[in-house]
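Since the structure comes first, as structure tokens, the remarks are kept for the end.
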Amino acid sequence: MSNQHWRIIGLDTGYNSTGASAALSFLSRIRGFQWFRKTTWFKPSCKLPGELVSWLANATAPNADGTVPGIVLLSHHQYFSSFDDWYQVPAQQQRALISPERRVLWFRGHEHRFAIYDSFGVKDGIQAFGRCIGHGGMPVDRESIPDIKDCNCVLYDDRAYTNTENINVGYNGFITLTLDGPRLEANYYDLYDTLRLTEGWSTDRKGELRGPRFSNIHPDLNRRDPAYISSHSQLVQVEDFLPKVTWYPDLPSLPDDEQRWFTQAEIRQIVDAATGQYKVLFHLAGYTGLRSGELVGLHVEDLKLEHGVIEVRRAVWNGIEGDTKTKSGKRNVFIDSVTIRLLRCFLAGRKTGRLFQSRAGTSLENRDICRRVLTPICEKLGMEPGDARLQAW
């Protein structure tokens, strides 16, 4: 991908990443010996095929008017790392095409983590700002020590992801890039769409990068070089990196129709028509206003029936238990005597476990509840779909 100011280039580092050398790459896992991780021995070379190198000569060349675009590289394998193996051969192959003064922005994966690096390059290799965005893979590694200090890892995410299987994994995430003339903005999000970091870049007519300019730095990120981060945060001019709209499409007008809510009478009809655990679930949905994820995330231990209270402490999203949607979502909900009697009858002495669950013992899914239970009940009652914290969860 390219325009007048930028070239975004994908590199196939995986083509030469197999063979006998790959079988020996376990030696680099001897973490006490950094040499094994940094050497080109005992591991795949990841050498770029000759045809690709020839193509790169044109891909990195100046524009027809003599201006030089900034370069963004995308690859699977990392050039360098403070945590893991180095695969520097592709960077050395590009040295004849990209001078050390023309630093590049290099996004890569392979390591299942999120990490930000200052500019670095090996002998006879290009200079690159490394960006590890391998946290889109599974599982996300954590609790590794960034002990290789040759390359300066300035930020990384080492948070533990809360899960019901007690697996020690980190948070998944993704990145968006916005190009606006000579400006580039990268936004890093976790799997809950929470913005973790924004960085801005610009390029001049000589292809030299200016940046990074950090903003929106989430306090949970590990800051290994606070001085570097501070010096690159003071340069931020937010208005310089906001996308500028130059085209206004004709969008269709949206109907101003209000969501239909179930009435109290309709809720009673639905509860009366439901059976088993769904009678209790629909009753709680209609009379407490709990979100679907909060309802199916309830445990028996969360019910303080002697005090008439339900403690909301978690939610389920796509089958995974985690925090509530917002911090204020953790709250106590008071219930009436009718609801207390209904819950006691439903529990029948049960003291632990999920309040609502599938036959396999897993958490319920909102789409299955609506499709398999609620919608058929509404059709049977001749009732239009609505919302009482039942449908639009």
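So which of F346, F334 is loosely packed, with under 13 Cβ neighbours inside 10 Å and assigned by TED's automatic domain parsing to the domain that holds L284?
Every option except F334 fails the conditions.
Does T178 meet the test of being crowded, with 19+ Cβ neighbours inside 10 Å and assigned by TED's automatic domain parsing to the domain that holds L73?
So T178 fails the test.
Test of understanding: among V309, V296, which residue is out of contact with any Ser or Thr (no Cβ under 7 Å at 6 or more places or on another chain) and under 23 Å from Q357 (Cα atoms)?
None of the others qualify; the one that does is V309.
Taking the options E306, E294, name whichever one is exposed (fewer than 12 other Cβ atoms within 10 Å of the Cβ) and either among the acidic types (D, E) or touching a His at 6+ places or on another chain (Cβ under 8 Å) (or both).
It is E306.
Go over the candidates I167, I71 one by one and state the one that is closer than 30 Å to N318 by Cα and among the β-branched types (V, I, T).
I167
Looking at (1) touching a helix residue (DSSP H, G or I) at 6+ places or on another chain (Cβ under 8 Å); (2) surrounded by 14 or more Cβ atoms within 10 Å (Cβ to Cβ), can you tell me which one K351 breaks?
Going through the list (1) touching a helix residue (DSSP H, G or I) at 6+ places or on another chain (Cβ under 8 Å); (2) surrounded by 14 or more Cβ atoms within 10 Å (Cβ to Cβ), K351 breaks only (2).
Please work out which residue is surrounded by the fewest Cβ atoms within 10 Å (Cβ to Cβ), limiting yourself to the range 38-89 and to residues that are assigned to a loop (DSSP other than H, G, I, E, B), of a type in the set (G, A, S) and in contact (Cβ under 8 Å) with a residue 60 or more places away in the chain.
Out of the qualifying residues, it is S82.
Might you check whether a residue that is assigned to a loop (DSSP other than H, G, I, E, B) and touching a Leu at 6+ places or on another chain (Cβ under 8 Å) occurs anywhere in the range 138-146?
no
How many residues are at pLDDT below 95, aliphatic (A, V, I, L, M) and buried (at least 18 other Cβ atoms within 10 Å of the Cβ) if we restrict to the range 128-147?
Residues that pass the stated criteria total 1.
Working carefully through the options P69, P62, find the one that is touching a Phe, Trp or Tyr at 6+ places or on another chain (Cβ under 7 Å) and over 30 Å from R224 (Cα atoms).
P69
Looking only at the range 261-289, filter to residues that are at pLDDT 90 or above and assigned to a loop (DSSP other than H, G, I, E, B); which one of those is surrounded by the most Cβ atoms within 10 Å (Cβ to Cβ)?
Result: A274.
Quick one: N168 ticks every box in (1) at pLDDT 95 or above; (2) in a loop (DSSP other than H, G, I, E, B) bar one, so which box is it?
Failing condition for N168: (1).
The values are calculated or read from the model by the stated rules, or taken from the named source; none is laboratory data. Because the structure is a prediction, the values reported are computed rather than measured. As a convention, Cβ positions derive from the backbone with ideal geometry for all residues, glycine included, and neighbour counts pool all protein chains shown.
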